[in-house]
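Below: the structure, in structure tokens.
The values are calculated or read from the model by the stated rules, or taken from the named source; none is laboratory data. Source: prediction; values computed, not measured. Reconstructed Cβ throughout: ideal geometry from the backbone, glycine too, with neighbour counts over all protein chains shown. These accessible areas exclude ligands, DNA and RNA; they are computed on the full protein's heavy atoms, side chains included. Shrake-Rupley method; radii C 1.70, N 1.55, O 1.52, S 1.80 Å.
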Amino acid sequence: SEAGSHRQSLTLLEAVLPYADRLDALQRARLLDDYAWELYNAHRFEDAVLAAQEAVRRYEQLGEQVMLGEALVRQSRHIYMTGRTDEAERAIERAVRVLEHADSAPALAYGLTYQGAIFALTGQLDAATATLDRARALAAETERPDLDALCLNYLGVVQADQSGPVGLTALRVSLRLAQRDGWHEY
């Protein structure tokens, strides 16, 4: 998955799923979360939502707040791709609430990045800018240049919507960073 081979990763996860009961509770939750992510990458969005819901439920039972918040971020992305924007917004709002109390600045930066992305994609440009600026500050503070690059991507979208071609600068910087550091998704 880290190398960008999502189809192979999905195949391997599907081979492991029938034996998930042999894993401890945390490993099962991680497995479902990873499986949801690979379903998302395979554009099987409804299946990704279902797997993510189960991962979220398991993280809730375990009381793993950082993992719960991060899983909610991913679940929001899966839901967004099904076209249920309001539900995706509720999931990302919950994720950020959880992460604000989880004592993990990198995880909060991750949540805010995707909250800002949803704001940008739904035309809430002022909220997107404020949220992405906050996410960038946290990304810098916690040494997450990957999130900074992604924030620049969505800030570029906002700037392009507001001012036209001026947004291309941020998009180009984002792309250059992603290519340089091998962040396939970004």
Sorting 60, 143 by accessible area (1.4 Å probe), largest first, what list results? 143, 60
Determine the relative contact order of the stretch 1-82: mean sequence separation of Cα pairs under 8 Å and six or more apart, normalised by residue count, in whole percent. 27
Residues of the chain: accessible area per residue with a 1.4 Å probe, Å²: 51
Just to confirm the filter: which GluC sites (Glu not before Pro) across the stretch 79-119 are DSSP coil and have at most 13 other Cβ within 10 angstrom of their Cβ? none
With all protein chains present, how much of the accessible area of the stretch 47-103 (probe radius 1.4 Å) comes from carbon and sulfur, to the nearest whole percent? 42
Using +1 on the beta carbon of Lys and Arg, -1 on that of Asp and Glu, and nothing else charged, what's the dipole of the stretch 54-147 about the Cα centre, debye to 20? 220
Positive end of the dipole of the chain, charges at C-beta (+1 Lys, Arg; -1 Asp, Glu), about the Cα centre: which of 95, 142, 40 has its Cα farthest in that direction? 40
On the accessible surface of the stretch 138-186, probed at 1.4 Å with all protein chains in place, carbon and sulfur together account for a percent value of 52
Run the dipole for the stretch 1-110 about the Cα centre, Lys and Arg Cβ at +1, Asp and Glu Cβ at -1, nothing else charged, and hand back the magnitude in debye, nearest 20. 120
Please say if the stretch 79-119 is rounded, prolate or oblate, where rounded means a/c under 1.5 for a ≥ b ≥ c the square roots of the C-alpha gyration tensor eigenvalues, and otherwise the choice is prolate for a/b larger than b/c and oblate otherwise? prolate
Using a 1.4 Å probe, how large is the accessible area of residue 10, given in Å² and rounded to the nearest 10? 10
Neighbourhood charge, 13 Å Cβ-Cβ cut-off, centred on residue 28 and excluding it, Lys, Arg +1 and Asp, Glu -1: -2
What size of dipole, in debye to the nearest 20, comes out for the chain about its Cα centre when the only charges are +1 on Lys and Arg C-beta atoms and -1 on Asp and Glu C-beta atoms? 260
Quick one: how many Å² of residue 81 are accessible to a 1.4 Å probe, rounded to 10? 90
For the chain, what relative contact order do you get, as a whole percent, if you take Cα pairs closer than 8 Å and at least 6 residues apart? 12
So, relative contact order of the stretch 100-148 in percent, Cα under 8 Å, 6 or more apart, is 40
Surrounding net charge for residue 65, when Lys and Arg each add one and Asp and Glu each subtract one, Cβ distance under 14 Å: -2
Solvent-accessible ranking of 101, 43, 6, 78, largest area first, probe 1.4 Å: 101, 43, 6, 78
Around residue 52 (Cβ within 10 Å, Cβ-to-Cβ, excluding residue 52; K/R +1, D/E -1) the net charge comes to 0
Can you tell me the order of 35-41, 125-131 when each peptide is scored by its average per-residue count of other Cβ atoms within 10 angstrom, highest first? 35-41, 125-131
Hey, what angle do you get for helix 45-62 against the long axis of the chain, alpha-carbon based, 0 to 90 degrees rounded to 10? 70
Over the chain, the sum of -39500 (n - 2.57) across DSSP H runs of at least four, divided by residue number and rounded to 500 deg cm²/dmol, gives at 222 nm -26500 deg cm²/dmol
